[in-house]
Structures are given as C-alpha cells and as structure tokens.
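Everything below concerns the one structure shown next.
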Amino acid sequence: MVKEKNLVGLSRDYIIHPGETLAEVLEDREMSQRELAVRTGMTEKHISTVIHGQKGISAAFARKLEYALGIETSFWMNLQANYDRELLEFEEVNNITEAELSVLKNLKEVIEVWTSFGWLDEETNPAAMVLDFRMIFGISNLLDTPKISYAAAYRVQNKNVDPYVLFAWQRMCELLTKNIEIADEVDTEKLREMIPDIKQVMFMRANQIQKKLTAIFSECGIAFRIVPNFTGAPVQGFIKKTEDGALILCMTLRQKFADIFWFTLFHEIAHVLNGDTKHEFIDFDSVSGEVESKADSMAGEFLIDSKEYKSFVAAEGYKRSSEIERFASTQNVKDYIVQGRLMKEKIIPWKARPRYEWA
C-alpha cells in the first residue's frame, strides 16, 4: 500500500466531520446537547456520536436540525456529502497498490501526449495520476484493463502490444473524435463515390490534408482523425461503430511516409466497405490474413489500376522519372504513390520520399 500524505495533498486531519460544525453552532448559541436532543426528538447519545464524528448526519436528522436550529436541511446534507466524498478520496488514494502505480511506467508516452492535450496535469503526483487514468479509462482499477475485451482480444496476435497502451490509444481515438460533427448514418455508397475526391486530397498542402479528409468522411457518417502513435500500440488504424451507429476511423503516422499513409488510408476505407467493422476493428502493423489481404488488394486498386500498372511495368516506364510522373497523372495520384509501389515490389531501389509530420 502507498503511504498516507504526499499523494494528493490531502491529510486525514483536514477532513472535517459535519459533527464539528454542529458542535460549533451549539457553542455559539450556548445550547446544550440535551436541549438539542429534546428539540430534534433524538437521544443525547445520538447527538453525542454525531458531534464526535462517530455517526453521520442522515437526511432525516438534517431535517430535524433545520427545525431545531433554523439552518436548512441542504446545508447539513451538503456538509455530510462533502465529508463522505473527501473521506472516500482519501481512503481511495491510500488504498492504491504499488502494482497499480507501476502501470504508469507503461504509460509514459501516453502521459506526455495527454499532458500536451490538457487531459492530465504534469505536476500531478503518481497516486492522483492513477485516479485520473481511472476516470479516462472508465475503470475502477487500472490492473483490470487487460480484461476488457477490446484490449484483450488482440493480445495474442501481437507480442509487441501493451494492453494498457493499446487501451489508452483507443480511448484517445474515442475522445478526439467525440465532438466531430458527422452525418446521422454511415453511407458506404457515398464513401465509395467519394474515392476520387479523397485521392485528390493528396495534391493539397500537407497542413490542409487532415481538415479536408475529416470533412469528406463526416459527410459519409464517419468521424475521422489522425492521432499520435505510441510504443506498445503498433496500430495502423482503428475503426469502431459508436452507440448511435456512426463510425470512428483513426489512423497513425507510424512511419510518416506519404505513400504509406495514403495506402493505409485506403486500406482502412476498404475495411469499412468490406463490412469488417461489426463493432470495432484494430488494424495492427504485423497482422496478416484473408481479411487484410482483401483490404490490401482493394486499396491498391483504388490508388492504381492493376491492369494499367502491369502494362506500365512491362513497358519499363519506371526507368524514367518523367514516365513515372506521366503514369501517376493517369491514375490521379502523386508520383510517390507509384514510386512506393515500385519500391515495395523491388522493381526500383529504395530512396528518399516525402514524409508527413502533422500528427
């Protein structure tokens, strides 16, 4: 157990029982406990136990005090409620285990980013930080986090996943998309129709891309956001259906290469169009399978027509930068999209290419 004090700045000595206030009122009025007992219809023993902090002030007794002393019922009830809350907080802080405190070590990156968001106070001590994370996570003990389904479901698939970091990352996605205004229902047909518009966004300035994509996805009933990534949550994307039927779609910029960003974006779009999101879907970097292969294939086709690409490669157009640029223009994509595809397939050697830095 952690020691008392030095945790949230609250000492047990400073938690005032409402009985102390009652004693002060009686002293000011020069009223004895016996007289108050008569006026309230309670026993002297009851009055004494309240004054000495051995018993609380019930709603019924608070009402009797209003009759006897002319001080409103709500005053006494508020005193009791505040006392109960402060006592609960004190006991809660002093019952935090070392094991739960140690979870904060896993969340160092999260704490840094969330502090920059204003969600956490960097001056907060460890015990108070645990309480803050409990509130944000929606859980009464951080040690139970791995038991929650959407943290536990993917633990086996990827050994590099930290369930605490993954859970924090998902909560961040939910909170950052919470206030995005979107259409009432998810419209996958409209999303499919908007593919050319989404491709056109890659020609915009980097600092305008997220805003434009957010607007496009909003029209389709999808709350879109590019979010920071954390070590321990090797995630490309996260798709979740909300309680009101809308979708959250979040992405990271783990490698920051522009071509990978756009391929990943269309990969996530493919998951939406393929109906891979019954409730929530976490797209890890290293997870493969039929669902992922299908999404990869669709994403590649959205960006570059496969038949035209094969013809381009067969004609060895990739040997000239001008031909790469020309072919890219026929596909309505930037040349780095074509270069990225060629590099991945080892047709041309790896070389420097654009990166995004705005998430």
Filter segment 22-45 down to residues that are exposed (fewer than 14 other Cβ atoms within 10 Å of the Cβ) and acidic (Asp, Glu) and give me whichever is farthest from the chain's Cα centre (by Cα). Glu30
Within segment 51-64, which residues are touching a residue at least 24 places away in the same chain (Cβ under 8 Å), over 14 Å from Ser32 (Cα atoms) and either outside the structural domain of Asp84 (by TED's automatic domain parsing) or of a type in the set (A, V, I, L, M) (or both)? Ile57
Answer yes or no: is there a residue in segment 177-199 that is over 30 Å from Leu303 (Cα atoms), assigned by TED's automatic domain parsing to the domain that holds Phe263 and of a type in the set (A, V, I, L, M, F, W, C). no
Could you figure out which of (1) part of a loop (DSSP other than H, G, I, E, B); (2) modelled with pLDDT of 90 or more isn't true of Leu191? (1)
Which condition number does Glu174 fail, the rest of (1) touching a strand residue (DSSP E or B) at 6+ places or on another chain (Cβ under 7 Å); (2) assigned to a loop (DSSP other than H, G, I, E, B); (3) more than 27 Å from Lys334 (Cβ to Cβ) being met? (2)
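Which one of these is assigned to a helix (DSSP H, G or I), surrounded by 13 or more Cβ atoms within 10 Å (Cβ to Cβ) and touching a residue at least 24 places away in the same chain (Cβ under 8 Å): Ile198, Ile180? Walk me through how you get there before you give the answer.
On the way: Ile180 fails: assigned to a helix (DSSP H, G or I).
Answer to the check: Ile198.
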Considering segment 330-359 alone, what residues qualify as being in contact (Cβ under 8 Å) with a residue 24 or more places away in the chain and in a helix (DSSP H, G or I)? Tyr336, Ile337, Val338, Gln339, Gly340, Arg341, Leu342
Which one of Leu88, Leu107, Leu79 is under 49 Å from the mean Cα position of the chain (by Cα) and assigned by TED's automatic domain parsing to the domain that holds Met129? Leu107
Filtered residues of segment 313-329 (kept if in contact (Cβ under 8 Å) with a residue 24 or more places away in the chain and of a type in the set (Phe, Trp, Tyr)): Tyr318
Name the residue that is nearest to Asp197 (Cα to Cα), counting only residues in segment 310-344 that are surrounded by 13 or more Cβ atoms within 10 Å (Cβ to Cβ) and of a type in the set (Ser, Thr, Tyr). Tyr336
Which one is surrounded by the most Cβ atoms within 10 Å (Cβ to Cβ), of the residues in segment 110-133 that are aliphatic (A, V, I, L, M) and over 17 Å from the mean Cα position of the chain (by Cα)? Ala127
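When segment 208-234 is examined, which residues are found to be free of Cβ contacts under 8 Å to residues at least 12 places away in the same chain and farther than 17 Å from Phe261 by Cβ?
Scanning segment 208-234 gives a single hit, Ala215.
The values are calculated or read from the model by the stated rules, or taken from the named source; none is laboratory data. These numbers come from a predicted model, not from an experiment. As a convention, Cβ positions derive from the backbone with ideal geometry for all residues, glycine included, and neighbour counts pool all protein chains shown.
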